[in-house]
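Enquirer: Have a look at this one before I ask anything.
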């Protein structure tokens, strides 16, 4: 029996208040999504992102240096905590980092370039096998009222146009990328120099930025910046580490089953793994289709390898490596992927999760400061 006072069901009233607050939270959630969509859309229409892109190009060395210092600062802090001078620790980290870059450019890039050329040579044969498969498959269907011939013609036209566009665009893209890297050597060089100087005294950099704010808001702003840095670093470091592990496992597995351009498709799977939820399926589908054009056995082997790697990622790497990663609701991540993917393509989908992490930290800070949901007020009716 519910307790009543003055003819009012107190427990029922408590339930109504609790339900009302949950509905209010959902409405705030929808409002946040709407605001994100509106802000991104307005910035896109006004060309603000183009202006920001131009500023990033101009300030690219400063941006590169800041990112490098931001990524390596925790490692340098751990080394200094063990008694090593900060300048020496920063120099050691930098030497190792530059050595890894040299290894990548001297070994990895030439192999990747050869595999891309090999794939271009195989592309007409791959398109031909896919075309034969489509012709054979659609020839088996005969349903009254459904024009399978028109569907097949449209599909083959799209496939041939896509293959031709890849054949034309990929070499130019490779040349343009190499030219951009060559012309950007100076930018990267100055970025590395700025990064080492920032790394020498990175902890004081945020304190220097905070000093431009009014004194009464400096501590709150510093706490907000630290929280943003912690959340984004957990997200970025964990995601990159998992993607690198997926890349290595896929390359080894694809090479064992005999997939052509195993390094290239392993790299593609590692990059698409940066996209939450849908990324792994994109990489697996592309690698499997190319494997099937070689032979059904290789295609099946590629599919098995990709599925095994994803199982390892889901049940081993994610719980271990990403156990402290930012905790975002799946619906929020999917909505972010849709919004940023619509405006910025694959790059937007990759950056969606870190940006949402920043928004989440800012929202939690504002909620804690202004108590939007009145979390500190009791809801019990006596």
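Enquirer: Take the residues in region 231-251 that are within 17 Å of residue 263 (Cα to Cα) and more than 13 Å from the chain's Cα centre (by Cα); name whichever of them is surrounded by the most Cβ atoms within 10 Å (Cβ to Cβ).
Expert: Step by step, filter region 231-251, then rank; the result is 250.
Enquirer: Now for a separate question. Do you know which residues across region 80-94 are part of a helix (DSSP H, G or I) and more than 10 Å from residue 196 (Cβ to Cβ)?
Expert: 80, 81, 86, 88, 89, 92
Enquirer: Based on this model, can you work out whether residue 343 counts as within 20 Å of residue 271 (Cβ to Cβ), part of a helix (DSSP H, G or I) and either touching a residue at least 12 places away in the same chain (Cβ under 8 Å) or in contact with a helix residue (DSSP H, G or I) (Cβ under 9 Å, 6 or more places away or on another chain) (or both)?
Expert: Taking the combined requirement at face value, the residue satisfies it.
Enquirer: When you look at residue 72, is it farther than 23 Å from residue 347 by Cβ, modelled with pLDDT of 75 or more and part of a helix (DSSP H, G or I), yes or no?
Expert: Here the answer is yes, as residue 72 does meet what is asked.
Enquirer: Going by the conditions given, is residue 336 touching a helix residue (DSSP H, G or I) at 6+ places or on another chain (Cβ under 9 Å), farther than 30 Å from residue 47 by Cβ, modelled with pLDDT of 75 or more and surrounded by 19 or more Cβ atoms within 10 Å (Cβ to Cβ)?
Expert: No.
Enquirer: Next question. Test residue 35 against the criterion of being exposed (fewer than 11 other Cβ atoms within 10 Å of the Cβ), at pLDDT 70 or above and over 30 Å from residue 202 (Cα atoms), and give yes or no.
Expert: Judged against the criteria, residue 35 is not a match.
Enquirer: Quick one: which of 68, 87, 51 is in contact (Cβ under 8 Å) with a residue 24 or more places away in the chain and either over 31 Å from the mean Cα position of the chain (by Cα) or loosely packed, with under 14 Cβ neighbours inside 10 Å (or both)?
Expert: So the residue among 68, 87, 51 that is in contact (Cβ under 8 Å) with a residue 24 or more places away in the chain and either over 31 Å from the mean Cα position of the chain (by Cα) or loosely packed, with under 14 Cβ neighbours inside 10 Å (or both) is 87.
The values are calculated or read from the model by the stated rules, or taken from the named source; none is laboratory data. Quick caveat, the model's predicted, so the values are computed rather than measured. Reconstructed Cβ throughout: ideal geometry from the backbone, glycine too, with neighbour counts over all protein chains shown.
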